[in-house]
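Here it is: the structure, laid out below.
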Amino acid sequence: MSFKPSTFLIPFLLGALFLCINQGCSTVPKQEDQGKLIDDSRTAINWFTENVSGLQRQIDNSAGYIIYPGIGQYGIIITGGKFGRGVVYNNNHQQVGWANLNTASAGLQAGAQGFKMLVVFQNSETMSEFEENKLTGDVGATIVAINAGGAGAASFTDGVAVYQGAQSGLMAGASLGLDYMRYAPLGDEE
């Protein structure tokens, strides 16, 4: 039996195509979906601050943050990925834009779950890199589970702290590829 790169490349590309079609490859949500996304982001940030000791202080001292109230994560044998839209806030808790997380990955995976995610930017330099869509790297997420004794505030890695909270279970390997996040300021209609 010989190995053919196309055996793995085709499912990977199909997964990426699915993400683009499913999400419209747009960072800004449709006008009719924006209100619900904002409401859901407020509910999600309240959930995180209630379940993570010291998080409110960390957010108040940060340059800003993104809340993704509902990220879909899927795994289909060879391909997998994460997709979701979020709301970007400055350190005064005022919305400044929209975020999109859209990844595809190759590797053995199985399952489909949803979760909420919070990304906190330690300083203005890191937030600016995100706003210019130049943020790179990979950051492990602190898992937050309700009634699990409460998590503590995560340490910053390269100016970013990431929290992941369960909606319907979690998949292993909680990490975030920062270069898969995209930013669009308010008023940008892509």
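Only the coordinates and a few stated rules stand behind these numbers; no lab work does. Since the model is a prediction, treat every value here as computed from it, not as a measurement. Cβ: placed from backbone, ideal geometry, glycine included. Neighbour counts: every protein chain shown.
Suppose the chain between Ile38 and Asp60 were pulled fully straight at 0.36 nm per residue; how much longer would it get relative to their current alpha carbon spacing?
Contour length minus Cα-Cα distance gives 6.0 nm.
Given H placed 1.01 Å from N in the peptide plane, which residues other than close sequence neighbours of Ala154 have an amide H under 5 Å from its amide H?
Answer set, sorted by chain and number: none.
Can you give me the long-range amide H partners of Asp138? Hydrogens built in the peptide plane at 1.01 Å from N, cutoff under 5 Å, separation of 5 or more residues or another chain.
Leu178
Hey, what do the phi angles of the range 90-102 turn into as Karplus ³J(HN,Hα) couplings, whole Hz, using 6.51/-1.76/1.60 and θ = phi - 60°, x for Gly and Pro?
8, 6, 9, 6, 9, 5, 10, x, 10, 10, 9, 10, 8
What does the charge add up to near Trp47, with Lys and Arg as +1, Asp and Glu as -1, over the other residues with Cβ less than 14 Å from its Cβ? Intermediate results must be reported in sequence, preceding the final value.
Values: positive: Arg42, Lys116; negative: Asp39, Asp40, Glu50.
Value of the local net charge: -1.
Take Gln95 and Lys30, extend 7 Å from each Cα along the Cα→Cβ direction, and tell me the distance between the two endpoints in nm.
Taking the two extended label points, one gets 1.7 nm.
Which ³J(HN,Hα) values, rounded to whole Hz and listed in residue order, are derived for the range 53-69 from phi using the Karplus coefficients 6.51, -1.76 and 1.60 in 6.51 cos²θ - 1.76 cosθ + 1.60 with θ = phi - 60°, glycine and proline given as x?
5, x, 5, 4, 5, 4, 5, 4, 9, 8, 7, x, 7, 10, 10, 9, x
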